[in-house]
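The values are calculated or read from the model by the stated rules, or taken from the named source; none is laboratory data. From a predicted model like this one, the values you see are computed outputs, not experimental measurements. Counting neighbours? That spans all protein chains shown, and the Cβs are built from the backbone with ideal geometry, glycine included.
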Amino acid sequence: MKRIILAPNPTGTGHNMRMLTIGKEILKRCPDDKLIVLLGSMQDVFTPLFKEAGIKIIDLSPTGIIDYSVSSHLEMKLDWNTMIKNYFVPTFFNGDKILRYVDIFVKEQADMVISDYNINAAIAAILNGTRNVFVTERHNFTLVDVEENDLIGGGFDVNKDEIRAAKKSLNHVFDWMMQNTDLIITDKPYVEKMDKGKLMERYFQIGKAHFVGPIYAPREGNELVWEDYGIDISKPYIVGTVSGTTMIKEDRDKNIQIYTDVYKEVRKKIPDLQLILLGNIEIPSVEGVHVIPYLPNWKNLIEKSALLVSHPGWITVTEVSKLNIPTLFYLPNFMEYHEVEAYRRLECLGIPVFVGYDTQQFAQKIIAAMDRGSDSYKGYEVLAPEGDGLEKAVTLIEECFSGGKKENDN
């Protein structure tokens, strides 16, 4: 029996979902293994899902449900203090959290830690000498992979010298982590235009990092009862996502407004079109607009849609590419800097993207993206190559564990 700890980054639903998917596959292969998840966000949604899968839960915030999508994480001015001291250190490089993770790993006698872009947990596993796997949709810290011009173009007041110093330091830290990680699994493909000469390229070349494709399994949850939300399934509809982590809280509100404004434009050409907004939100009553809270099982919803409009969160990217769902990836602006790299990668692959508030252009993009017969989605072949990414990922994890105990393990 192996004792495995799953440590998703507590800043979004995608990390939880990917760890749940991997955990269930591990238990499917090895039912006697003991799995524990360190749950730090969206506990109301994911606690029952992990419990049903037979995975023990340690709630990292037992005093309340944490939803990281309702507050801002960055200030308009980007310098060492705002980016490193006030954001990166408390969130990703937190000494208190690292030591708490070490304590948990020791108490639970962990044989392996699988972290999903949880930097604190990954560092704790390294310091504790615990075999560790790093699952990631990012090839470095986010700031390192965002071009300076995109930050400035997004509206940030950038202290260039201090941000360049921050990027250099963060790159060193990420490199140290990768050197001391036993296995790196990613569902983000190498794209030469973006990755040539970058840090992760070396780890692909030496065989420590592996691109596996979408780490996907059908989501579970109750089937959607269309009538509960006033949706007429006989008429076409677009789904727009407004949940997920935001860097600037105001962008979430603008996101809702731009969706409804653009919807009104598109409806001039498609009169019976409906808009379904997916997220824990409230909006003024608009004819044809329906709101559904976060759905763990959304396959039925998006498969029947004329188009999905979503921020380029990578778990969504991998899922829609696997299911071949026509999707337009949208950012209100590049202040949502944590998704700029993904946006640029999708752009390189020729997949429909849009940034900004121009309702006329956005409406035209939506109408073009609704054409399922177009070749706009050939990039999906790169994102979701043949083969099962989940199968590959868990096989790699098993092979990593079969290497035996680390030399400094007790």
Could you list all residues from the range 190-219 that are touching a residue at least 40 places away in the same chain (Cβ under 8 Å), closer than 24 Å to ILE26 by Cβ and either surrounded by 13 or more Cβ atoms within 10 Å (Cβ to Cβ) or touching a Cys at 6+ places or on another chain (Cβ under 6 Å) (or both)? HIS210, VAL212, GLY213, PRO214, ILE215, TYR216, ALA217, ARG219
The condition of being exposed (fewer than 14 other Cβ atoms within 10 Å of the Cβ) and in the same structural domain as VAL113 (by TED's automatic domain parsing) holds, among ASP150, ASP157, ASP145, only for ASP157
Where a residue in the range 262-287 is closer than 18 Å to LYS304 by Cα and its partner, wherever it lies, is in a helix (DSSP H, G or I) and of a type in the set (Lys, Arg), with Cβ under 8 Å and at least six apart: LEU273/ARG267
Where in the range 287-371 are there strands (runs of 3 or more DSSP E), lying wholly inside it, with at least 3 residues that are modelled with pLDDT under 95 and in contact with a Phe, Trp or Tyr (Cβ under 9 Å, 6 or more places away or on another chain)? 289-292
Out of the range 139-174, which residues are farther than 23 Å from PRO312 by Cα, in contact (Cβ under 8 Å) with a residue 60 or more places away in the chain and charged (D, E, K, R)? ASP157, GLU162
Report, ordered by the first and then the second residue, all pairs with beta carbons closer than 7 Å, sequence separation of six or more or different chains, a first member in the range 37-51 that is touching a residue at least 40 places away in the same chain (Cβ under 8 Å), and a second member that is of a type in the set (Ser, Thr, Tyr). MET42/THR13; VAL45/TYR294
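Scanning the range 88-99 for residues that are surrounded by 16 or more Cβ atoms within 10 Å (Cβ to Cβ) and modelled with pLDDT of 90 or more, which turns out farthest from ALA121 (Cα to Cα)?
Ranking the candidates gives PHE88 first.
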